[in-house]
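Here, each number is a calculation from the coordinates, and none is a lab measurement. All figures in this text were calculated on a predicted structure; none of them were measured in a lab. We place every Cβ from the backbone using ideal geometry, glycine too, and count neighbours over all the protein chains shown.
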Amino acid sequence: MKLKMAEKSLFAYLLRSPWWVSILAACGIGLLGKIMFHGDYFSYALTLTLPFVVIAMIVAWRQKDVPSQSRVNDTVEAVIAMSWREFSALMEQAFRRDGFEVRRINGAADFLLTKEGRDSLVCCKRWKAASQGIEPLRALVAAQEAQEAREALYVSVIDLSDKARQFARDNRIALMLAPQLTRLLRLPKKSLPRTPIGTK
């Protein structure tokens, strides 16, 4: 039998919160125990802080590679200002850095990635389009079937509509939105390309 934590429980809330929230809770319990108890009773009260410390460690581990909101905002600001040539070159460099073989293609997808014998199609030409409907995703699915690719990835810094998200889920299309794109590109804060990609 698999136990499931209640979504609205205190520990579930802490697991969704920044790690320092659990540390603050542990400190608060420790301070309260110091005020109310002495001697062995205080030692017992301190043991109540252990679950909160453990949760803080779990959350910190989960969030160690998660970019801050300010860094995400800086990345969005930078890539929206880029031309397609600049953005596509950065994407290609980032994929190669992560160990993919990258081939540019035309049509519904922009890149064919290969790694460990698995092919993936990537569509990112509409990365900053104001509206993100289902049509580009539907075209990507058709291209995936035609190429017999194992996976498909759709890239956008603009959030998708609920219908587009549902279509992506139904068709197993991976979405790379602003937080994931921030981790992939690893741009410095407040950084905009000063020279065209590929020039010295």
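Remarks
- Segment Glu145-Arg103, length gained on full extension (0.36 nm per residue, minus Cα span): 13.4 nm
- Rounded to 5, percent antiparallel among DSSP beta bridges of segment 71-200: 55 percent
- Additional length obtainable on full extension of the chain from Ile158 to Gln180, 0.36 nm per residue less Cα span: 6.7 nm
- Pairwise FRET efficiency - Ser17 versus Ser131, Cβ, R0 = 35 Å, nearest 0.05: 0.60
- Burial ordering of Ser120, Ser131, Ser17, fewest other beta-carbon atoms within 10 Å first: Ser131, Ser17, Ser120
- Gain upon complete extension [Glu116, Leu31; 0.36 nm per residue less C-alpha separation]: 25.3 nm
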